[in-house]
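First the structure, in the form of structure tokens, and then the observations on it.
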């Protein structure tokens, strides 16, 4: 089995390298052929196009300038403003978010805040969509062993960890209405789907939220409301969820932002198994080093109570992330998380102790911002997750690669 995993790892690396060279080769070629156009020339040409109202022509030069010098706040703000004028509010908001985590002069920070408010006022309805193909070495996240020990006795498994390819879809719509200068109503619906030719590996979740957001100042906001969700596993209804959420965001200094998310939910299963009452708390901090470099830190704790003690317990973890835009257009992101999942009880007929998992996950994301298809940039994600458990059935390693698209460029 180890030889199979090793072969799979080599295949992942080869495919990742091939895809990365494929999407970046045109950009590297552009670097060689367009190197004679200097930043001052591009900047002057972009400003002339803006003054003449030719925002599409300005966009071409501004995109190139941000690729050449992603830390330059003037280039990035002018790009955000041009995207706003062209109606590409989602991409404009992304660049403004990067600028908010940068040490700006008071006038520049005011301009960023004003443009963000204009987008929020104009764009009541917004949405997102992403799709990717994900080859995985262990699509079911099961043990790779064919034989496991249960109560000291060996058992042959009919099915163990096996490779597969899934389609990943994430989509959502949100609607905001301004009730007063400081109070907004929010409606949101999100879809997360994992599709696979094997029905057992299909997983679809839909979540809706309705609530209010109050902003006392431009540096802080608190939101809360109700949530409803439903989930299908293997093409069959699996569970329904109802609950409430509270979110708090606070600007921390000139470059940081603190977020606290609380969620209280009750999940009812369609097979009449006991309900799960879940309390989840997530505290995160984002720090902008510059307009092209950001760090993220987080800690979360989830407590699940249920009459089913094999599902009840706690899950606590830490997260770390970083994003960096290189000169030339390459954008990279890294996310690492570690967590410990401890259950309250166990099936005495099969096991001798409650389940305890220690999981570590690392994920690298790469895309080149100058390679675009219909305002989407191809993205490569390579990751590995290792779940070490005293329950042999869920002790596994999974290596994966996602070929998809992003609008964060």
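Coordinate-derived values only; no laboratory data. Just so you know, these numbers come straight off a predicted model, no measurement behind them. As a convention, Cβ positions derive from the backbone with ideal geometry for all residues, glycine included, and neighbour counts pool all protein chains shown.
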Among (1) 23.0; (2) 23.9; (3) 25.3, the value of Kirkwood radius over Cα pairs in Å computed for this structure carries the label (2)
Computed over the chain: longest principal axis from alpha-carbon atoms vs helix 106-122 long axis, angle to nearest 10 degrees, is 70
Full extension between residue 299 and residue 242 adds, at 0.36 nm per residue less the Cα distance, a length in nm of 18.1 nm
With Cα coordinates, the longest principal axis of the chain makes an angle with the long axis of helix 2-33, in degrees rounded to 10, of 10
Computed over segment 47-91, the relative contact order (Cα-Cα under 8 Å, seq sep at least six) in percent reads 33
For 94, 75, ascending order of other Cβ atoms within 10 Å (fewest first) is 94, 75
With the 8 Å Cα cutoff and a minimum separation of six or more residues, segment 199-271 has a relative contact order in percent of 27
Here segment 77-119 gives, from Cα atoms, an Rg and Dmax in Å of 9.4, 27
Taking the chain and counting helices only, DSSP H stretches of n ≥ 4 at -39,500 (n - 2.57) each over all residues, the nearest-500 ellipticity at 222 nm comes to -8500 deg cm²/dmol
The chain: relative contact order from alpha carbon pairs under 8 Å, six or more residues apart, as a whole percent, is 14
For 226-235, 327-336, ranked highest to lowest by mean beta-carbon neighbours within 10 Å, the order is 327-336, 226-235
Tilt, helix 73-85 to longest principal axis of the chain (alpha-carbon atoms), in degrees rounded to tens, equals 90
Listing 394, 112 by rising number of other beta-carbon atoms within 10 angstrom, fewest first, gives 394, 112
Going from the fewest other Cβ atoms within 10 Å to the most, one would list 116, 316 as 316, 116
Taking 0.36 nm per residue of separation between residue 125 and residue 358 and subtracting their Cα-Cα distance, the length gained on full extension comes to 79.8 nm
